[in-house]
Amino acid sequence: MTDVELVKSKIDIVSLISEHVPLKKSGRNFAARCPFHSEKTPSFFVSPERQSWHCFGACNEGGDVITFVQKQENVEFVEALKILAQKAGVTLTKTQSSDTSRVREKFYEINHLASEFYHYLLTAHKMGERAREYLAKRGIKKESVNTFTLGYAPASWDSLSKYLVKKGYQPRDLAQVGLVVSKTNGGLYDRFRGRLIFTLRDHRGNVVGFSGRVLPEKDEKSLSSDRQDAKYINTNETLIYVKGNTLYGLDVTKDAVKREKEVVVVEGEFDLLASWQSGVPNVVAIKGSALTQGQLLLLKRFTDKLLLALDSDFAGNEAARRGIEAAEVAGFSVQVITPMYGKDPAECVAKAPHLWKESVEKAEPLYDFVISQAVKRYEKEGILGKKKIAEEVIPFLSSIENPIVLSHYIRRVSTLLSVSEESVTTAVSRFGRKTASQERIIQKPTKTSRLQLLEEHLLALIIQSNNSKDALTDVVQIVSLSDFEVSPVTKILELLVGYFVKHKTLDAGKFGNLLVSELVPTFDRAYLLDLSTLEKDQILWKKELLKAAREIKKVSLRRKLSEYTTNHKHAEDNKDGPDSQKLQFQMKELLAQLGALEKEG
């Protein structure tokens, strides 16, 4: 048994995927909203028999436990295998990393050393004294400094780069990982200088980058540049750091998020540290007030409830609003926290930790918050104020799917603005139609042809049937294998015909393992296709089976008619009488068959 086979035999795909997304039984398979994109209805299916998964939505991807981890963790095959091997307690006998994997590992190593360098200077060196004083003034405790690996970057051009070069790393590696910047006249200098350093990690604990905050009353000796003067600077995006996929603190707080079944989302590192110290540890931080798709998909692995403690004006921020809409589409319950003191969590905690805890407990539903904030901002008595309130509130209301909830908020808005419920309903409906129209314009055309979908649908009806052998027998009485156009479907059906010579029933797991690798994706797609609406009615199932077979036969007959018509025209042009008559007879036969099928429906 190979390493790959051994690891896969030790990992149950249903249990693995259940750790990341809640699965619900759907016939013989399991269904969920896809963890790789936002969607309103489940299109992601998992088969315990085949130990495979497939998304029938925007992703249109599938595979086994290894490909799932590859996509989930954004790693290559060998890295995914290592993750699963560790989980399964398997010692790999031999692994060969790709070039990209090796570069990624090197970047993690460099960043880890840089983090230790900064952390040492902050906690144990005279250089970090001012940074330590600043943290003490902000109420940040030593435990937090150590847990989140805070650091200090000295006010020097090349302290870090010299240290890392001595460790054996090349300047080009330091530039690629984002720790140094190229000079216009040649050479390199440290990106972070004279700053408090926040270590940025992915959810698995790998150091992916850094954020540096300038200290108040910055040392005049620090060597500055235009970029260095910014209050915060961050690692530029690299092979291992993507801002929109990173959540500060999640590597530390993810267990608390799972335990509390909700996550508090704050802006910036100090807000997170203050919340964590106050006894609200289920917290993550983002940059700004806009949640990205990548961050939402990451959080979805741990909870489906978001408590937002963001800028109170986020409702007027287009990017922030799109993020919140994406959160709702992804199935999150969204609430908003208003600090009981100060403008942000850090100020609230500094006043009294219990005030922040109470603020979290009193989080209000998103729509109530949006409405109340809009009413505070604008004069609701004047026509212009009503227009402004509506413009801010309507986009949020249009995303509500539950008709009872929507009706409640329409009534509330109409009462607040002293307008009819009908006018609010009309505004919501118009905005929804406009958004849907825009989405249709930018929607990419499907890559899967109608014929491929039809043939895979028939294959699904056969292999998911209670009696696959009888189902195949019924099908071949209507359509022959030569009528199929999609090569993988044809080959699978040919193999099934031979399989049922020796077997009475279909063991999907064993049969699938007999297939060559090129056929496996097609077989798994068919086996995972959602046919749950037909399962309770076997008469309906057979009706759908025969209908699909007839449709494929019709397509085949029309294709042959088109060929014969072309050949007949060619025969007439060449005055080839006998051939022309023969073709006419064959065309009449095909038309008769097609007519008979049309009558059957």
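If GLN295 satisfies every condition in (1) surrounded by fewer than 18 Cβ atoms within 10 Å (Cβ to Cβ); (2) at pLDDT 80 or above; (3) not charged (D, E, K, R) but one, which is the exception?
Checking GLN295 against (1) surrounded by fewer than 18 Cβ atoms within 10 Å (Cβ to Cβ); (2) at pLDDT 80 or above; (3) not charged (D, E, K, R), the one that fails is (1).
Give just the number: which of (1) surrounded by 13 or more Cβ atoms within 10 Å (Cβ to Cβ); (2) of a type outside the set (Ser, Thr, Tyr); (3) within 39 Å of the chain's Cα centre (by Cα) does GLY128 not satisfy?
Condition (3) is where GLY128 drops out.
Just for the range 466-500: of the residues that are surrounded by fewer than 21 Cβ atoms within 10 Å (Cβ to Cβ) and of a type in the set (Ser, Thr, Tyr), which one is nearest to GLU535 (Cα to Cα)?
Among those residues, the one meeting the criterion is THR473.
What residue, among those in the range 70-124 that are within 30 Å of ALA155 (Cβ to Cβ) and among the hydrophobic types (A, V, I, L, M, F, W, C), is farthest from the chain's Cα centre (by Cα)?
To start, the set of residues in the range 70-124 that are within 30 Å of ALA155 (Cβ to Cβ) comprises 106-124.
Pick out the ones that are also among the hydrophobic types (A, V, I, L, M, F, W, C) and you get 107, 110, 113-114, 117, 121-122, 124.
Details: PHE107: 24, ILE110: 28, LEU113: 31, ALA114: 30, PHE117: 34, LEU121: 38, LEU122: 37, ALA124: 41 Å.
So the residue we want is ALA124.
Looking only at the range 514-549, count how many residues are within 29 Å of the chain's Cα centre (by Cα) and farther than 17 Å from ARG28 by Cβ.
Taking the range 514-549 first, the residues within 29 Å of the chain's Cα centre (by Cα) are 517-533.
Next cut, farther than 17 Å from ARG28 by Cβ only: 517-522.
Residues meeting the conditions: 6.
Which members of the range 362-376 meet the condition of being surrounded by fewer than 18 Cβ atoms within 10 Å (Cβ to Cβ), farther than 30 Å from ARG138 by Cβ and modelled with pLDDT of 90 or more?
If the condition is that a residue be surrounded by fewer than 18 Cβ atoms within 10 Å (Cβ to Cβ), farther than 30 Å from ARG138 by Cβ and modelled with pLDDT of 90 or more, then PRO365, ASP368 are the ones that fit.
Within the range 170-186, can you find the residues that are out of contact with any helix residue (DSSP H, G or I) (no Cβ under 8 Å at 6 or more places or on another chain) and free of Cβ contacts under 8 Å to residues at least 12 places away in the same chain? Spell out how you get there, then give the answer.
If we filter the range 170-186 for residues that are out of contact with any helix residue (DSSP H, G or I) (no Cβ under 8 Å at 6 or more places or on another chain), which is where we start, we get 170, 172, 175, 178, 183-186.
Of everything in the range 170-186, those that are out of contact with any helix residue (DSSP H, G or I) (no Cβ under 8 Å at 6 or more places or on another chain) and free of Cβ contacts under 8 Å to residues at least 12 places away in the same chain turn out to be GLN170, ARG172, LYS183, THR184, ASN185, GLY186.
Being crowded, with 18+ Cβ neighbours inside 10 Å and closer than 17 Å to HIS203 by Cβ is the filter here, so list the residues in the range 84-106 that pass it.
Hits for the range 84-106 are LEU84, ARG104.
With of a type outside the set (A, V, I, L, M) and either surrounded by 12 or more Cβ atoms within 10 Å (Cβ to Cβ) or in the same structural domain as PHE56 (by TED's automatic domain parsing) (or both) as the only criterion, which of LYS510, LYS542 stands out? Break it down stepwise before answering.
On the way: LYS510 fails: either surrounded by 12 or more Cβ atoms within 10 Å (Cβ to Cβ) or in the same structural domain as PHE56 (by TED's automatic domain parsing) (or both).
Within the list LYS510, LYS542, the selection yields LYS542.
Being touching a strand residue (DSSP E or B) at 6+ places or on another chain (Cβ under 8 Å) and either in a helix (DSSP H, G or I) or surrounded by fewer than 18 Cβ atoms within 10 Å (Cβ to Cβ) (or both) is the requirement here; does ALA114 meet it? Walk me through it before giving the result.
Working: touching a strand residue (DSSP E or B) at 6+ places or on another chain (Cβ under 8 Å): yes; either in a helix (DSSP H, G or I) or surrounded by fewer than 18 Cβ atoms within 10 Å (Cβ to Cβ) (or both): yes.
In short, yes.
So if I check each of LYS261, LYS287, LYS254, which one is at positive phi and either within 19 Å of the chain's Cα centre (by Cα) or not small (Gly, Ala, Ser) (or both)? Give the steps one after another, and end with the answer.
Values: LYS287 fails: at positive phi; LYS254 fails: at positive phi.
Step by step, each of LYS261, LYS287, LYS254 is checked, and only LYS261 is at positive phi and either within 19 Å of the chain's Cα centre (by Cα) or not small (Gly, Ala, Ser) (or both).
Does the range 200-209 include one or more residues that are part of a helix (DSSP H, G or I) and modelled with pLDDT of 95 or more? Talk me through it step by step, then tell me what you get.
Taking the range 200-209 and keeping what is part of a helix (DSSP H, G or I), we get none.
Scanning the range 200-209, I find no residue that is part of a helix (DSSP H, G or I) and modelled with pLDDT of 95 or more, so the answer is no.
Among the candidates PRO353, PRO339, PRO395, which residue alone is outside the structural domain of ARG412 (by TED's automatic domain parsing), out of contact with any strand residue (DSSP E or B) (no Cβ under 8 Å at 6 or more places or on another chain) and not hydrophobic (A, V, I, L, M, F, W, C)?
Numbers: PRO339 fails: out of contact with any strand residue (DSSP E or B) (no Cβ under 8 Å at 6 or more places or on another chain); PRO395 fails: outside the structural domain of ARG412 (by TED's automatic domain parsing).
Exactly one residue qualifies, and that residue is PRO353.
Could you list, in sequence order, the residues of the range 338-361 that are within 16 Å of LEU306 (Cα to Cα) and surrounded by fewer than 17 Cβ atoms within 10 Å (Cβ to Cβ)?
Matches in the range 338-361: THR338, GLU361.
Taking SER312 as the residue in question, decide whether it is assigned to a loop (DSSP other than H, G, I, E, B) and at pLDDT below 90.
Taking the combined requirement at face value, the residue satisfies it.
Give just the number: which of (1) aromatic (Phe, Trp, Tyr); (2) under 25 Å from LEU461 (Cβ atoms); (3) surrounded by fewer than 20 Cβ atoms within 10 Å (Cβ to Cβ) does TRP53 not satisfy?
The failed condition is (3).
In the range 279-296, which residues are out of contact with any Leu (no Cβ under 9 Å at 6 or more places or on another chain), over 15 Å from LEU250 (Cβ atoms) and polar (S, T, N, Q)?
Selection gives GLN293 alone.
Yes/no matrix, rows are residues, columns are (1) of a type in the set (Phe, Trp, Tyr); (2) modelled with pLDDT under 90; (3) assigned by TED's automatic domain parsing to the domain that holds VAL283; (4) closer than 30 Å to TRP276 by Cβ:
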| position | (1), (2), (3), (4) |
| --- | --- |
| LYS343 | no, no, yes, yes |
| GLU347 | no, no, yes, yes |
| GLU358 | no, no, yes, yes |
| TYR378 | yes, yes, no, no |
| LEU384 | no, no, no, no |
| SER399 | no, yes, no, no |
| HIS408 | no, no, no, no |
| PHE431 | yes, yes, no, no |
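Pairs needed: first member in the range 18-36, in contact (Cβ under 8 Å) with a residue 24 or more places away in the chain; second member anywhere, assigned to a helix (DSSP H, G or I) and polar (S, T, N, Q); C-beta distance under 7 Å; at least 6 residues apart or different chains.
HIS20/GLN72; SER26/SER532; GLY27/SER532; PRO35/GLN72
Does the range 142-194 hold any residues that are more than 21 Å from ARG102 (Cβ to Cβ) and part of a strand (DSSP E or B), and which are they?
Listed by number, the residues that qualify are GLY151, TYR152, ALA153, VAL181, SER182, LEU188, TYR189, ASP190.
The values are calculated or read from the model by the stated rules, or taken from the named source; none is laboratory data. What you are looking at is a predicted structure, and each value in this text was computed from that prediction instead of being measured. No Cβ is skipped: glycine too gets one built from the backbone with ideal geometry, and neighbour counts run over all protein chains shown.
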